[in-house]
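The values are calculated or read from the model by the stated rules, or taken from the named source; none is laboratory data. Note that the coordinates shown come from a computational prediction; the quantities given were computed from them, not determined experimentally. All Cβ positions, even for glycine, are placed from backbone atoms using ideal geometry, and neighbour counts span all protein chains on display.
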Amino acid sequence: MSKISSRPEHGGNLNWAAAIAGCSPEDILDFSASINPLGPPQSAIAAIQESLTSLSRYPDPQYPQLRSALARWHDLPPDWILPGNGSAELLTWACQDLAEQARVILPVPAFGDYQRGLQAFSARVYPYPLMPDVSLEGLWLSPPQTGLLLNNPHNPTGHLWTIQQNLSLLDSFDLVVLDEAFMDFPVPSEQQSLASYVQDYPNLVILRSLTKFYSLPGLRLGYAIAHPERLKRWQKRRDPWCVNALAAAAGEAVLSDREFQQQTWDWLGNARDFLFRNLAALPGLAPLPGVANFLLVKSQYSCSQLQLKLLNSNKIFIRDCLSFPELGDLYFRIAIRSPEDNQRLIGALSSAIGELNSKE
């Protein structure tokens, strides 16, 4: 019971899953963490190997090469970009700025770290329910001295709001922090990033991740796009060397890896369509359409029980949504993996659901 009661709040806790399944963490097929299964790209591995000699030196705390590479990627001046120890580190400083507002609107369900960051600075948080239609329409009527923390594409639903929908919010809030951690996954023609608008809106902060798309979560690498004066304030608050030399080198390399980027877009569309169709065909499951590398699935079965059944019988780990209070035990989330892994998941779910239905 102790193993079950200590459920992880985030995906990817393979030690917990392995303890339940009675196996090694390496034996778990992980659908709980939304990481690109095609990576890490060889360009990142090569850059890390070439940079091993730099381990005896401190990195430049300004990270000029990485900032320049990111600036070229977004067609922005380098001083509008600040690399960080994952986007989670930069979220902390964004939450400190949000806490200075009289109130912070947090659309829910939301990534659990948002509450962590906001509570750390005693922000006055006002949840805004998104389910079931994932609409932002009511947010346009927010009072003055209000901040907004939102991610796009949305986690956990995978919904993507348009540029125009999000631009309308910038006139309604004193500070908008937009987490675009999954924005790389839609094909470029369908991405709805506000990065190109940040110079026009000093009240806009964008957070981006390089770990999910490029499968580098162990390196911890993200960045913020915001007005230079805001980023200078953040730089004074934090440790001087937040990004290690190997992560910085890998980040520079992957931004130029057009082959890996195209492979990811080619893989994801087909794999996501396959999973969506086959999940929808299973009795009692209703996946929500989304554009990211995961799917949120509504279930008529207890998702925590379904999770345990898949671990015990198949060593497959899906993400329960108990850490999202608005979703609870009625939803689970799955990452999109290789065609073989996706087929294995569908087979295991079909068997598990068949067993559950036979007991009713």
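Tabulated results
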{"item": "Residue in region 123-143 that is more than 21 Å from the chain's Cα centre (by Cα), within 27 Å of Leu330 (Cα to Cα) and among the aromatic types (Phe, Trp, Tyr) present", "result": "yes"}
{"item": "Matching residues, region 27-46, being part of a helix (DSSP H, G or I) and either touching a Leu at 6+ places or on another chain (Cβ under 7 Å) or surrounded by 21 or more Cβ atoms within 10 Å (Cβ to Cβ) (or both)", "result": "Ala44"}
{"item": "Conditions (1) farther than 30 Å from Gln191 by Cα; (2) surrounded by 18 or more Cβ atoms within 10 Å (Cβ to Cβ); number of the one not met by Glu355", "result": "(2)"}
{"item": "Test: residue in region 252-264 that is at pLDDT 95 or above, of a type outside the set (D, E, K, R) and in contact with a strand residue (DSSP E or B) (Cβ under 7 Å, 6 or more places away or on another chain)", "result": "no"}
{"item": "Matching residues in region 161-199 - criterion: being closer than 18 Å to Gln261 by Cβ and either outside any helix (DSSP H, G or I) or in the same structural domain as Arg333 (by TED's automatic domain parsing) (or both)", "result": "Glu180, Ala181, Phe182, Met183, Asp184, Phe185, Pro186, Val187, Gln191, Gln192, Ser193"}
{"item": "Glu326 charged (D, E, K, R), free of Cβ contacts under 8 Å to residues at least 60 places away in the same chain and surrounded by fewer than 19 Cβ atoms within 10 Å (Cβ to Cβ)", "result": "no"}
{"item": "Any hit, region 85-93, residues being part of a strand (DSSP E or B), among the β-branched types (Val, Ile, Thr) and closer than 26 Å to Arg237 by Cα", "result": "no"}
{"item": "Verdict on Glu89 being under 21 Å from Trp241 (Cα atoms), out of contact with any Pro (no Cβ under 7 Å at 6 or more places or on another chain) and among the charged types (D, E, K, R)", "result": "yes"}
{"item": "Filtered residue count, region 200-214, keeping only those that are touching a Leu at 6+ places or on another chain (Cβ under 7 Å) and either outside the structural domain of Asp79 (by TED's automatic domain parsing) or within 22 Å of Gln262 (Cα to Cα) (or both)", "result": "2"}
{"item": "Given (1) among the charged types (D, E, K, R); (2) assigned to a loop (DSSP other than H, G, I, E, B); (3) more than 30 Å from Ile48 (Cβ to Cβ), index of the condition Asp273 fails", "result": "(2)"}
